[in-house]
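Asker: Quick one: the structure is below, questions incoming.
The values are calculated or read from the model by the stated rules, or taken from the named source; none is laboratory data. Computed from a predicted model, the values in this text were never measured in an experiment. Here the Cβ positions follow ideal geometry from the backbone for every residue, glycine too, while neighbour counts run over all protein chains shown.
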Number of protein chains: 2
Amino acid sequence: MVNTGEINGSSNLMDFLDEPIPDVGTYEDFHTIDWLREKSRDTDRHRKITIKSKESVWEFIKGLLDAWSGWVVMLLIGLLAGTLAGVIDLAVDWMTDLKEGICLDGFWYSQEQCCWTSNEATFDDRDKCPQWQKWSELMIEKSEGASAYILNYFLYIMWALTFAFLAVSLVRVFAPYACGSGIPEIKTILSGFIIRGYLGKWTLLIKTVTLVLVVSSGLSLGKEGPSVHVACCCGNLFSSLLSKYSKNEGKRREVLSAAAAVGVSVAFGAPIGGVLFSLEEVSYYFPLKTLWRSFFAALVAAFTLRSINPFGNSRLVLFYVEYHTPWYMAELFPFILLGVFGGLWGTLFIRCNIAWCRRRKTTSLGKYPVLEVIVVTAITAIIAYPNPYTRRSTSELISELFNDCGALESSQLCDYINDINMTRPVDDIPDRPAGPGVYTAMWQLALALVFKIVITIFTFGMKIPSGLFIPSLAYHHHDWIIFRNWCRPGADCVTPGLYAMVGAAACLGGVTRMTVSLVVIMFELTGGLEYIVPLMAAAVTSKWVADAFGKEGIYEAHIHLNGYPFLDVKDEFTHRTLATDVMRPRRGEPPLSVLTQDNMTVEDVETLIKDTDYNGFPVVVSRDSERLIGFAQRRELIIAIKNARQRQDGVVSNSVVYFTEDPPELPANSPHPLKLRRILNLSPFTVTDHTPMETVVDIFRKLGLRQCLVTRSGRLLGIITKKDVLRHMAQMANQDPESIMFN
Amino acid sequence: MVNTGEINGSSNLMDFLDEPIPDVGTYEDFHTIDWLREKSRDTDRHRKITIKSKESVWEFIKGLLDAWSGWVVMLLIGLLAGTLAGVIDLAVDWMTDLKEGICLDGFWYSQEQCCWTSNEATFDDRDKCPQWQKWSELMIEKSEGASAYILNYFLYIMWALTFAFLAVSLVRVFAPYACGSGIPEIKTILSGFIIRGYLGKWTLLIKTVTLVLVVSSGLSLGKEGPSVHVACCCGNLFSSLLSKYSKNEGKRREVLSAAAAVGVSVAFGAPIGGVLFSLEEVSYYFPLKTLWRSFFAALVAAFTLRSINPFGNSRLVLFYVEYHTPWYMAELFPFILLGVFGGLWGTLFIRCNIAWCRRRKTTSLGKYPVLEVIVVTAITAIIAYPNPYTRRSTSELISELFNDCGALESSQLCDYINDINMTRPVDDIPDRPAGPGVYTAMWQLALALVFKIVITIFTFGMKIPSGLFIPSLAYHHHDWIIFRNWCRPGADCVTPGLYAMVGAAACLGGVTRMTVSLVVIMFELTGGLEYIVPLMAAAVTSKWVADAFGKEGIYEAHIHLNGYPFLDVKDEFTHRTLATDVMRPRRGEPPLSVLTQDNMTVEDVETLIKDTDYNGFPVVVSRDSERLIGFAQRRELIIAIKNARQRQDGVVSNSVVYFTEDPPELPANSPHPLKLRRILNLSPFTVTDHTPMETVVDIFRKLGLRQCLVTRSGRLLGIITKKDVLRHMAQMANQDPESIMFN
């Protein structure tokens, strides 16, 4: 703010501000973007390229490259996210097994790979082979009995604690944004909020590493949220390479929407489900162009993952189910019942989890995140180990539960008594009475269910990467046991695996309130295309039941908890307020701070900026007429004045600021005027004071506005910002309007 | 306009206009609705119900019923559309077979049903049985040889002509709107255009009957477009039962969007594909709420259809494929090639079809629609009969082509020479050299391909119900024959059926430019979930190639051909024009017709209405200040003035019209004033004259506006209507702006 006084009459410098000013058009951290402006800037850019491309062949090629760069970015995101997902899967597999033992052929083999390469493994028991040694077998001579069990138990806990500690430390030291599910924040970012670094390179690196660590540590966490976060980081990385995306926050968000689809695509091997997830759950602005690109990116990612083939079955499908038996009309009733259960469970989970997170936020509990993680990990490991259904990874558990009992199945769940002689065909398994193994399995599953429910409530929201999908998928098994005895002997029986699948869909539906995307993910996950109707019935019921208790899904609940300025597309605003009730200034408040088009000095403007903290100022013809001519952003005013003072000679404190097109001829001795029409938004959005708030909310939502001016018969009355809208909505819903925190 | 002069001083009649005026809030035929206004009216209604529901238990129940009525309507649409689809399928089956012969057990059996009930049919030849008699067998003694062939040929043509003549006559006499695919019009209606009767009861009835007739007549037409039209008619029917939907054009369109999903759901047994089709291709305003409801309705419809079970296989899937063999990386290349072919074919088809339709519209050809249909049917039947692949229904053809050769397959396509003895297992079919049957089949298929391509171009757009999906699906077979010889003996071979599937997807993608919904429909249609990647690759390639030659899909091309005022969401507007370039009045034109708030008489207003044909008039404070206070619709002005003159005493031609809140006290002898604030829209949409047109287009699109006022520094300058926007866009794209026809 020095550099005053030097007066220089050279008029070629006067028009300096017609050149683009660096940094104009960017946003501050924790602020909301203006979608309409971003879009219009992109059209400008596009127009320039189109005009240029007619000039020469080289420019034409550059234009073509620019048009294709979107698809190239999608390709790169797909490739990187697919590769990362493959690496994560392999690493999790290895580290989960590392908690129990090691492969003698090479420590880098997981149990399955170890025994797969071994020739000694027989087909029906391919998970056991001499090369794979439990820790106890390696360390003490007597590899059976209580002492071995205790040693294994102890080492299991120690490994889990090591992984968890490493994870929480890495997150705290290197990338605090790498914690949590990431989906609430990504939803907020996609709706037009700026959180710098949330999708940065460090976050990408640390989140990938810690995701492997926490999933391996056995915590009740899934990887779909973190997958989406990782994919979005990839998206951000590649979009920052191209100025088309890096300089336009709106365009960048289109890439991120596609990246979110990629995240789900690789987490479940469900490309179409991923696209729908992005559309239904995460994205804010999802034009058809983004739909097609997401689709392409999800395809590339799924294909890359399939080439890496982490599950060793050359299928995209994570939990492929072999059964294709038809289901019966009468079964629709239990399916709907599962839906009801899922809805109730979803409500309960959201309430408990939010209560716990709020407590963590408000009490001193939140001050010891490392300790919290260690304690939860220890408890999880201690309780999980004795129960075979919780000891192994959740994916393995789900995979077993979804599957039908076949001839080769060694699982306890399939331990039906084989009292008839062995000549009977395999298909008759359902006819046999249940053996003791089934009953053991039943109560172990019941215990596992209770434990998983309780521990997940505490785990989700800790300061480590955490997902919810996979744990939710695991909450189903309890319900179907009551239906198991339905089968008439000899008849085609109900399929327990199907109930597991439907139950899982219902629970997930209750927690996240997804419908279409959930069903598509479920059948892409299992290959069970025949079961659309049961899955749909359960998902819709679950959503109805859960919505009856509260409209918010878990992600929206977390967004509200954190006070992000998120204007949900799903919320309906039905109150009878008008724009005049919401706009600032309210009755009794000082009048609106405005700029006039041609009679304020640089100093006046600087004083106004210093005295207020508004994000922008309307520009009027004169204070008397209050006729609006445009809107100037605070940030751009500051930058422009600073630039002019430093680089444009003759601009001093008492220079007059002109927002008009042609400043009048000034007397010779008056200081150089400052022309700021370039930073003036000549098409500010206006509504009349009589506009119903529901229309205003709709406009903010659909056009992605940051602020809107209120007029009455052509006179400027006030301003409504996105924060004002959110506060008003919170107030109308009897919530604390101060919970909306950012701008 | 009589009834003047009677002056009555009773002031209780003065406020008559505070009561709702009948018909205010409705629209004229062939006009565009204002989405924002419809939405705000619905919120008003909702608010009233919420307030009332707190008054008594009965009102509370009524409120609940109102909230659930949307789901009930969905249920009803699903049930009716599912039933109709089942009936149509059965009727088409029967009537297609009627062209060739009749069942002796009962004339109402189709060939398959006839032989199904017969015990004499053997399993591998279940389509032939003594009960089923060809016409020649029934009518002449010598049932083989040339004369029998000619008799059958002749009767085949006669039946086809009868069906086609009946269809075209029914359409012309009873429901002219029942012709064509319906999808272009439904897209236009969903975007907010009014075409009364297009979705009426008569259209529903006639379209259902004629759809059966034309599909049976053997014309190269599918049933997906008409299915969507029929389902939308059902949607309209049920929504007219509830005032919530019948009185609000915006809400009604939400129901229609869901109905479109139902249409596809029953046409293909693809509920999720249907929802995506509605989202990607047809709908304009598709909030998440509609997504969920469409999903539910599509589920109910698919389920109803499954219960009727018209295909006799208790599957939802129309062309269920049994193969689940994996595909190879190297195959991706031919898949992409198929995509390229599909894109080229799509471009060619659209250009030829539009050229033909334009010629029909502009020349005297269009005056003889009945003759045209008869000629095309005759040509189709004459050429189709000798070739077995075109004689049967297209669905049967597709079903055969999609399927792999199995042991029981009697098709010519599977006639591989079985020169090795019969002990070889069935799986080895690909190893055998192709027999003469295969080569015969090849050239028959090639001929069928050429014929189908040519005839469909002429058929689509005739004055009968016509769909495009199924014919497009049939255009694939030619391509995969070149890949057939790839197979190494003994190795797992490429699956010809898969190529057929991918080829079909590519062609459809080229014609309609669908991507995600197409892939989902394809795998719901075939059950081939493993083939997502090939299908996606072909669909995306096809879209790229076709888009390179022109952005319009077949439906958009037909919308443009008909001049409907459709503002496509996909079109990008990138020109550098401003609102001031588009608004009326242009430079040199007479000034904007405005109303003033308090100094015009009833007669002035009536003269203004009579002299202009604008749809509405801005209301300003005074002609000098030009400060805008609101907007009055022409239709509502006329209704209000007519009402007042008839029913409100004291309103005469020289009564002053007041748009202000409180009209001033008038001298005792002056005529009664007319207060019209009630019909004034106090929150008209305004933009400044500097607003770039791309923003204006965006606002029109996203908010569904009908018109928008242009201001400069608070003064009213002009008006932009949707038609102005469309005309401007046509002009910028070097098209004839006069091709936009309606308001």
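Asker: Looking at this structure, is A:P334 modelled with pLDDT under 85 and in a helix (DSSP H, G or I)? Explain how you work it out, then say what you get.
Answerer: On the way: modelled with pLDDT under 85: yes; in a helix (DSSP H, G or I): yes.
Here the answer is yes, as A:P334 does meet what is asked.
Asker: Listed residues B:T691, B:T686, B:T721, B:T695; which is surrounded by 19 or more Cβ atoms within 10 Å (Cβ to Cβ), within 11 Å of chain A (Cβ to nearest Cβ), in contact (Cβ under 8 Å) with a residue 60 or more places away in the chain and of a type in the set (S, T, Y)?
Answerer: That would be B:T691, the only listed residue that is surrounded by 19 or more Cβ atoms within 10 Å (Cβ to Cβ), within 11 Å of chain A (Cβ to nearest Cβ), in contact (Cβ under 8 Å) with a residue 60 or more places away in the chain and of a type in the set (S, T, Y).
Asker: Which numbered condition in (1) modelled with pLDDT of 85 or more; (2) in contact with an Asp or Glu (Cβ under 9 Å, 6 or more places away or on another chain) is the only one that B:L36 fails?
Answerer: (1)
Conditions tested, residue by residue: (1) modelled with pLDDT under 90; (2) in contact with a Gly (Cβ under 9 Å, 6 or more places away or on another chain); (3) over 30 Å from B:G263 (Cα atoms).
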{"residue": "B:L64", "(1), (2), (3)": "yes, no, no"}
{"residue": "B:V72", "(1), (2), (3)": "no, no, no"}
{"residue": "B:L84", "(1), (2), (3)": "no, no, no"}
{"residue": "B:Q113", "(1), (2), (3)": "yes, yes, no"}
{"residue": "B:R126", "(1), (2), (3)": "yes, no, yes"}
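Asker: What pairs can you find where one residue is in the range A:504-524 and at the interface with chain B (Cβ under 10 Å from one of its Cβ atoms), the other is of a type in the set (G, A, S), and their Cβ atoms are less than 6 Å apart, with a gap of 6+ or different chains?
Answerer: If the second residue must be of a type in the set (G, A, S), the pairs left are A:R513/A:G553; A:T515/A:A539; A:S517/A:G273; A:V519/A:A539; A:V520/A:G273; A:E524/A:A270; A:E524/A:G273.
Asker: Could you please find all residues in the range A:562-592 being in contact with a Pro (Cβ under 9 Å, 6 or more places away or on another chain), surrounded by 18 or more Cβ atoms within 10 Å (Cβ to Cβ) and more than 14 Å from chain B (Cβ to nearest Cβ)?
Answerer: A:Y564, A:F566, A:L592
Asker: Looking at the range B:40-60, which of the residues that are β-branched (V, I, T) and at the interface with chain A (Cβ under 8 Å from one of its Cβ atoms) is farthest from A:P692 (Cα to Cα)?
Answerer: The residue in question is B:T50.
Asker: Sort out which residues of the range A:525-555 are more than 7 Å from chain B (Cβ to nearest Cβ) and over 17 Å from A:G343 (Cα atoms), and write them in order of number.
Answerer: A:L525, A:T526, A:G528, A:E530, A:Y531
Asker: When you look at A:A668, is it away from chain B (no Cβ under 14 Å) and free of Cβ contacts under 8 Å to residues at least 40 places away in the same chain, yes or no?
Answerer: yes
Asker: Residue by residue through the range B:278-311, note down the ones that are more than 9 Å from every other protein chain (Cβ to nearest Cβ), part of a helix (DSSP H, G or I) and of a type outside the set (A, V, I, L, M).
Answerer: First, the residues of the range B:278-311 that are more than 9 Å from every other protein chain (Cβ to nearest Cβ): B:278, B:281-286, B:290, B:293, B:297, B:300-301, B:304-305, B:308-311.
Within this subset, residues satisfying the condition of being part of a helix (DSSP H, G or I) are B:278, B:281-282, B:290, B:293, B:297, B:300-301, B:304-305, B:308.
Within the range B:278-311, B:S278, B:E281, B:T290, B:R293, B:T304 meet the criteria.
Asker: Sticking with this structure for a sec: List every residue pair whose Cβ atoms lie under 6 Å apart, where the two residues are 6 or more positions apart in sequence or sit on different chains, the first residue falls within the range A:554-568 and is over 16 Å from A:I195 (Cβ atoms) and at pLDDT 85 or above, and the second residue, located anywhere, is among the hydrophobic types (A, V, I, L, M, F, W, C) and buried (at least 21 other Cβ atoms within 10 Å of the Cβ).
Answerer: Pairs found: A:I554/A:I350; A:I554/A:V511; A:A557/A:I350.
Asker: Turning to a different aspect of this structure: Could you tell me whether the range A:612-624 includes any residue that is part of a helix (DSSP H, G or I) and closer than 29 Å to B:T711 by Cα?
Answerer: So far as the range A:612-624 goes, no, none of its residues is part of a helix (DSSP H, G or I) and closer than 29 Å to B:T711 by Cα.
Listed here are the residues, each with its yes/no results for (1) in contact (Cβ under 8 Å) with a residue 60 or more places away in the chain; (2) not in a helix (DSSP H, G or I).
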residue: A:K62; (1), (2): no, no
residue: A:L65; (1), (2): no, no
residue: A:W71; (1), (2): yes, no
residue: A:L76; (1), (2): yes, no
residue: A:A81; (1), (2): yes, no
residue: A:A85; (1), (2): yes, no
residue: A:V92; (1), (2): yes, no
residue: A:D105; (1), (2): no, yes
residue: A:W108; (1), (2): no, yes
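Asker: Moving on to the next point. State all residues of the range A:724-734 that are touching a residue at least 24 places away in the same chain (Cβ under 8 Å) and under 15 Å from A:L561 (Cβ atoms); if no residue qualifies, say none. Spell out how you get there, then give the answer.
Answerer: At the first step, the residues of the range A:724-734 found to be touching a residue at least 24 places away in the same chain (Cβ under 8 Å) are A:724-726, A:728-729, A:732.
Across the range A:724-734, the qualifying residue is only A:L726.
Asker: Considering only the range A:51-77, state which residues are farther than 16 Å from A:Y245 by Cβ and polar (S, T, N, Q).
Answerer: A:S53, A:S56
Asker: OK, next. Select from the range A:698-716 the residues that are touching a Pro at 6+ places or on another chain (Cβ under 9 Å) and within 11 Å of chain B (Cβ to nearest Cβ) and write down the one among them that is surrounded by the most Cβ atoms within 10 Å (Cβ to Cβ).
Answerer: Here the answer is A:L716.
Asker: Another question, if that's okay. Does B:L241 count as surrounded by fewer than 24 Cβ atoms within 10 Å (Cβ to Cβ), out of contact with any Asp or Glu (no Cβ under 8 Å at 6 or more places or on another chain) and aliphatic (A, V, I, L, M)?
Answerer: Here the answer is yes, as B:L241 does meet what is asked.
Asker: Further, regarding this structure: Residue check, B:V264 against (1) more than 18 Å from B:W71 (Cα to Cα); (2) at the interface with another protein chain (Cβ under 10 Å from one of its Cβ atoms), all met but one. Which one?
Answerer: (2)
Asker: Quick one: how many residues across the range B:624-652 are surrounded by fewer than 16 Cβ atoms within 10 Å (Cβ to Cβ) and more than 14 Å from every other protein chain (Cβ to nearest Cβ)?
Answerer: Taking the range B:624-652 first, the residues surrounded by fewer than 16 Cβ atoms within 10 Å (Cβ to Cβ) are B:624-625, B:638, B:642, B:646-647.
After this cut, where a residue has to be more than 14 Å from every other protein chain (Cβ to nearest Cβ) as well, the list is B:638, B:642, B:646-647.
Residues flagged as surrounded by fewer than 16 Cβ atoms within 10 Å (Cβ to Cβ) and more than 14 Å from every other protein chain (Cβ to nearest Cβ) within the range B:624-652 amount to 4.
Asker: Inspect the range A:659-679 for any residue being loosely packed, with under 15 Cβ neighbours inside 10 Å, out of contact with any helix residue (DSSP H, G or I) (no Cβ under 8 Å at 6 or more places or on another chain) and closer than 27 Å to B:L716 by Cα and give the result as yes or no.
Answerer: yes
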